[in-house]
1. Take region 398-428 and flag every residue that is closer than 21 Å to residue 493 by Cα and either at pLDDT below 95 or assigned to a loop (DSSP other than H, G, I, E, B) (or both).
2. Just one of (1) modelled with pLDDT under 95; (2) buried (at least 20 other Cβ atoms within 10 Å of the Cβ) trips up residue 89, so point out which.
3. Run down 593, 627 and say which single residue is touching a helix residue (DSSP H, G or I) at 6+ places or on another chain (Cβ under 6 Å) and at pLDDT 95 or above.
4. Limited to region 535-560, what total is found for residues that are part of a helix (DSSP H, G or I) and touching a residue at least 12 places away in the same chain (Cβ under 8 Å)?
5. Quick check: is even one residue across region 77-89 farther than 25 Å from residue 203 by Cα and assigned to a strand (DSSP E or B)?
6. Name the one entry in 583, 570, 556 that is in the same structural domain as residue 449 (by TED's automatic domain parsing), closer than 24 Å to residue 442 by Cα and over 23 Å from the mean Cα position of the chain (by Cα).
7. Go through region 488-502 and give me each residue that's surrounded by 21 or more Cβ atoms within 10 Å (Cβ to Cβ) and either more than 24 Å from residue 418 (Cα to Cα) or in contact with a strand residue (DSSP E or B) (Cβ under 7 Å, 6 or more places away or on another chain) (or both).
8. Here are 411, 427: which of them is loosely packed, with under 15 Cβ neighbours inside 10 Å and over 28 Å from the mean Cα position of the chain (by Cα)?
């Protein structure tokens, strides 16, 4: 199920510039742009490399400016946004865009047809672009002008006097090292090009998406010269941009294609194993899209998960929520186990890092739920693999340390109180997934006793008790602790007359806002609620928060509700968890729906049916098989935030697999 975008959209800049493609290299680097290859974000680029030193992601090659020169004249293939104008107007010749093993563009002008395909090599900071002159009345010359940025991908480049424009000849291309402290860039072709040094700055590129988000949005890029490659009809050339010199571009291309076809076969097999029904049809495409996010970090090779492209890094909470869908439910349990094991050494004082840094000394530990989600991820691992020995040897020790530290007290005022509940934070902290701040203060204060933290806490205590019993171990806390937590949980959060759970309890006051965090008290393996209470929670969440694109973060009937996520960053932050829809929450919601259903098969069919709009968006919408971070709370639910979010894809994969398995059982 590969997305195809037709001529009518391709040649309509207003529509085409909203469609974005993504290529990744398995180490955090990527290539991304719109289907017109017209960059609208500072994060777009043809080679955004993930580096170990200096650590981070750097936009090295912004794009190739491409022109096909024929005997009848020049055919521009590129287009760029400048203030008040699109130039050149290559979009007029874009006939079709589709996703195969990677993004493919088809250009038609007169009797010439040319295809452009893009792949990144896994495990390398290398991008390959294949140009195929499919047909034409005579030979033509492809002219490529590389546009360099050489800056961190969160920044913008402006013309400066420090750039070194010198080119060095290498095999069928050139090498350039514009700045000390950054790597050299090697640009080569599979057919010998004519290289012409002609240093020049292209000024005032305009990035419309950054303007909409209230950020600086103009950039200058440096062009060191141009390459010219002669092509006869039927011939092709592969052009690479890399941090190392390439010796066999055709072999590199064919090797990457072989790898991706093997991954596609794996995805098909995983989908078939889930059952033979309508719910398995979208799974292969969703699973393949999920391959973007698991990475091995540059330098260390640590297995982890990127939270989202193009601008997020690897975060503990996001990694653990995303891990089951992207590994256990995607046919890669060994990778999932490796990531779980890789997280364990970074635990400090019972806390899993909220944000991982290249230097472990700089990890940020401002998260409490990440540690408790570690238990959930281990439960998912056991459920999918049954591998208790891996848990016993590699994971059980850190799980016990987390519980010990939470019971005796650790950072951020995190401790178990006398009634067994978990207290965390103060009015200046944001330690749960609802962590937006504005002017230095939490937008949604949830300090004290948060309902999701305590549902996760109860689940962790119950799991630890059962796992310890299976090992013949005795844990150092009273045997009635889980029962005590369960009683305190109901007494603290349950609102009997309304049939739902309050969101947080602090300073003697229960926040009665209707939020999605209560769904974890139903979806987790161990619930502190009665069956009747579980059903009532699901009913309220469905009525107040459910949309086909995810769960709202606040009921529309609440005076604090914000139905649109738009404007500058402070305005967006104020709406981030005040009504904005999050697709990843469909995972716990769907699991809760199936858990309380009297007829699970019917519930699975109904659930999957109501999610059809999100599925159609994911497979054919502007994300091109990528699920965004968020949608607006108000209809029509516009996509927003990060264009490709790991936990959005992961939980959709997991939910559709659960539905498919339920139908097949």
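1. Initially, region 398-428 is screened for residues closer than 21 Å to residue 493 by Cα, giving 406-407, 413-427.
Matches in region 398-428: 413, 417, 418, 419, 420, 421, 425, 426, 427.
2. Exception for residue 89: condition (2).
3. Details: 627 fails: at pLDDT 95 or above.
Only one candidate passes the filter, namely 593.
4. Filtering region 535-560 for residues part of a helix (DSSP H, G or I) gives 535-544.
Among the residues that remain, those that are also touching a residue at least 12 places away in the same chain (Cβ under 8 Å) are: 535-542, 544.
So the count comes out to 9.
5. Residues of region 77-89 that are farther than 25 Å from residue 203 by Cα, as a first pass: none.
No: region 77-89 contains no residue that is farther than 25 Å from residue 203 by Cα and assigned to a strand (DSSP E or B).
6. Going through 583, 570, 556 in turn, the sole match is 556.
7. Filtering region 488-502 down to residues surrounded by 21 or more Cβ atoms within 10 Å (Cβ to Cβ) leaves 489, 493-494, 500-502.
Answer for region 488-502, where residues must be surrounded by 21 or more Cβ atoms within 10 Å (Cβ to Cβ) and either more than 24 Å from residue 418 (Cα to Cα) or in contact with a strand residue (DSSP E or B) (Cβ under 7 Å, 6 or more places away or on another chain) (or both): 493, 494, 500, 501, 502.
8. Details: 411 fails: loosely packed, with under 15 Cβ neighbours inside 10 Å.
Just one listed residue meets the conditions, 427.
The values are calculated or read from the model by the stated rules, or taken from the named source; none is laboratory data. The model shown is predicted, which means the values in this text are computed figures rather than measured ones. Please note: Cβ atoms are built from the backbone with ideal geometry, for glycine as well, and neighbour counts cover all protein chains shown.
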